[in-house]
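Notes to accompany the following structure.
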Amino acid sequence: MYFIKRIPFVLLLVLFTNAVIAQMKIDSTAKEAGIEFRRIITGYTGSTATADSLWAEAVQLYTGPTRFYHNLEHISNFYNQLSKCRKLVQDWDALILAMVYHDIIYGSTDHRDEERSAELAVTQLTKTGLAKEKIAKVDSLIRATKTHALSPDMDINLFNDADMSILGLDLPYYQQYVINVRKEYASSPNFDAGRKRVLQYFLKMPRIFKTDFFHQLYEERARANVNWEISTLP
């Protein structure tokens, strides 16, 4: 009987511990991103409970055991980059919502991460009562990260460049990114060959970054980083 009575307490302890571990994985910038995300959701819905619930779901998915790069640290850097170019953004709310959802699904067996992330965003945001136009913008922003192609929509170009900014950060940070990406694809026997093709494709592009803002900030460093990584691949 004593053991049976202890079970609820043990379950609560496990849940509490998991929540604490998840919070420990959130750095200060990611916390700011979460606050901004919840502010936006609350502004549209009037419900802090809804905002908190959606953010909690995002935290849970981004802190999964197989998340080595596409995690809350990525969200932290993404938010930091968007904050730098905020004055150039037309629809800030849409970009923040898309940022939180853009990699929320990762490692799907059918390689439709972007589409599945966009679908989840549409499903969850529709429940909040956001305008269809706003949700459609979020959907298009997330799907654009599949190809990072030049778009007539400057918000999409800024969004994609912020997502790609890791390529142009200082070499030690980039080196850790390379390690983390490799961990995520540890089970792929063709990772090196595929990675090399992608990196060589980047170098052949006239510009890795589509906007003048990010081009000036990161283009030169990005090309140096990519060349370094290629030199490490067989």
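The values are calculated or read from the model by the stated rules, or taken from the named source; none is laboratory data. For clarity, every value in this text was computed on a predicted model and none was experimentally measured. Using ideal geometry, Cβ is built from the backbone for each residue, glycine included, and neighbour counts are taken over all protein chains shown. Accessible surface areas use protein heavy atoms only, side chains included; no ligands, DNA or RNA. Shrake-Rupley method; radii C 1.70, N 1.55, O 1.52, S 1.80 Å.
Please compute the contact order of region 15-167 in relative form: average sequence separation of alpha-carbon pairs under 8 Å and at least six residues apart, divided by the residue count, as a percent.
RCO, region 15-167: 23 percent.
Build a GNM of the chain with springs between Cα atoms under 10 Å: which of Thr123, Thr48, Thr109 gets the top mean-square fluctuation?
Most flexible of the set in this elastic network: Thr109.
Compute for the chain: radius of gyration divided by Kirkwood radius, i.e. Rg/Rh, restricted to C-alpha atoms, rounded to two decimals.
For the chain, the value is 1.01.
Put +1 on the Cβ of every Lys and Arg and -1 on every Asp and Glu Cβ in the chain; which of Ile208, Leu54, Thr147 then has its Cα farthest towards the positive end of the dipole?
Leu54
Among Val178, Ile96, Asn160, flag the residue with its Cα farthest along the positive direction of the charge dipole of region 93-192, charges on Cβ as +1 for Lys/Arg and -1 for Asp/Glu.
In region 93-192, that residue is Ile96.
Quick one: helix 2-24 against the long Cα principal axis of the chain, what's the angle to the nearest 10°, folded into 0 to 90?
Helix 2-24 and the main axis of the chain meet at about 30 degrees.
To the nearest 0.05, how large is the calculated FRET efficiency for Gln176 and Gln60 if R₀ is 35 Å and r is the Cβ-Cβ distance? Spell out each step's value before the answer.
Details: r = 24 Å, r/R0 = 0.68.
Computed FRET efficiency for Gln176 and Gln60 comes out at 0.90.
Sort Ser83, Ser187 by accessible area with a 1.4 Å probe, largest first.
Ranked list, largest accessible area first: Ser187, Ser83.
With every protein chain kept in place and ligands, DNA and RNA left out, what is the accessible area per residue of the chain? Probe 1.4 Å, answer in Å².
So the chain comes to 54 Å² accessible per residue, rounded to a whole number.
Let's see if you can work this out: charge +1 on each Lys and Arg Cβ, -1 on each Asp and Glu Cβ, no other charges. What is the dipole magnitude of the chain about its Cα centre, in debye to the nearest 20?
On the way: 28 positive and 27 negative charges, 77 e Å.
It works out to roughly 360 debye.
List the lysines whose Cα lies under 17 Å from the Cα of Lys137, skipping any in the same chain that are fewer than 8 positions away.
Hits, sequence-local ones excluded: Lys127, Lys146.
Please state the equivalent ellipsoid semi-axes for region 94-189: what are the square roots of 5 times the Cα gyration tensor eigenvalues, largest first, in whole Å?
For region 94-189, the semi-axes come out at 26, 17, 11 Å.
Let me have the 222 nm mean residue ellipticity of the chain computed from DSSP H runs of 4+ only, each contributing -39500 (n - 2.57), with the sum over all residues rounded to the nearest 500. Spell out each step's value before the answer.
Numbers: 11 runs with 168 residues, N = 234.
That comes out to -23500 deg cm²/dmol.
Assuming R0 = 25 Å, can you tell me the calculated FRET efficiency for the pair Lys132 and Thr48, based on Cβ-Cβ distance, to the nearest 0.05?
Here the calculated transfer efficiency is 0.60.
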